[in-house]
1. Based on the Cβ-Cβ distance of N95 and D31, what FRET efficiency does E = 1/(1 + (r/R0)^6) give at R0 = 30 Å, to the nearest 0.05?
2. What percent does the relative contact order of segment 74-161 come to when contacts are Cα pairs within less than 8 Å and at least six residues apart?
3. About its Cα centre, what dipole magnitude does segment 98-214 give when the only charges are +1 on Lys and Arg Cβ and -1 on Asp and Glu Cβ, stated in debye to the nearest 20?
4. Assign unit charges at the C-beta atoms only (+1 for Lys and Arg, -1 for Asp and Glu), then state the dipole size of segment 113-165 relative to its Cα centre in Debye, rounded to the nearest 20.
5. Around V148, which amide H atoms from residues at least 5 apart in sequence, or from another chain, sit under 5 Å from its own amide H, with H modelled in the peptide plane?
6. Report, in listed order, any pair from K156/K186; K34/K145; K34/K79 with a Cα-Cα distance greater than 27 Å.
7. With every protein chain present, what is the per residue accessible area of segment 55-196 (1.4 Å probe, Å²)?
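The values are calculated or read from the model by the stated rules, or taken from the named source; none is laboratory data. Predicted model only: the values in this text are computed from it and were never measured. Note: ideal-geometry Cβ built from the backbone for every residue, glycine included; neighbour counts use all protein chains shown. The protein model used for the area step is the full one, side chains on, heavy atoms only, and it has no ligands, DNA or RNA in it. Shrake-Rupley method; radii C 1.70, N 1.55, O 1.52, S 1.80 Å.
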Amino acid sequence: MMKPTMLLTLSVLLFAFTTYIIPSAFSQVPDLVKDTNGIPLRSDGRYYIRPALRGPGGGGVSPGETGNQTCPVTVLQHKSEVENGNGVKFEHYPNIGIIYEGVPLTISFGDIYGFCADSTKWVVVSDDFPGKWVGIGGAEDHPGKEIVSGLFDIQKYDDVAYKLVFTPVTGGSPGLSVDIGRRDDKNGRRLILAEEDERTYRVVFARVDDDGGINGIKSVV
């Protein structure tokens, strides 16, 4: 029997396929998302998500622990600009190989050996933290919290940067899309839905040339 989290994911991806993928096949093809070398992102690649401006803006992202978590299921940005974090994977459904702007996709840290969460797939979590925040895994990894059903995508922010966007889906209908921003937390900067005074997190994607932390988690400090 499928887990409730898996059924929810499949229903959201089916919505994405019928709402975005099929119409785009009969209209103008969206632009490709490109890495820092100008090469289109691919679903079989791994990429560091870094701030568009190097320096005080910090480094890449990794799974980390917040609150009373005993498993690193919060997506945190490293405070140090020299830390790339963990590489992530992007994938449209169905998998079309290349990543396009504005088309719903899944984001994950890929396979991490011996990892304690249900998966490393990104989700949006709602609890008493100021702002809905980005975590990983499923409902069982966030007991007592709400997993917000919805879809991520990547959009162009300006000539040098992209932004991550989340669109909640309720009852099969999309809600208002919200940019991903950041908010400081004790162990790093959480990625959150920028619904209030948070600024959009301007990012670039750098291809991972090594294992990108695939066999372990890089601590967020």
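1. Working: r = 19 Å, r/R0 = 0.63.
Efficiency computed from Cβ-Cβ geometry: 0.95.
2. The value is 26 percent.
3. 160 debye
4. It works out to roughly 120 debye.
5. V124, V125, S126
6. Working: K156/K186 30 Å; K34/K145 35 Å; K34/K79 25 Å.
Correct reply: K156/K186; K34/K145.
7. Values: 5960 Å² over 142 residues.
Counting only protein heavy atoms, the per-residue value for segment 55-196 is 42 Å².
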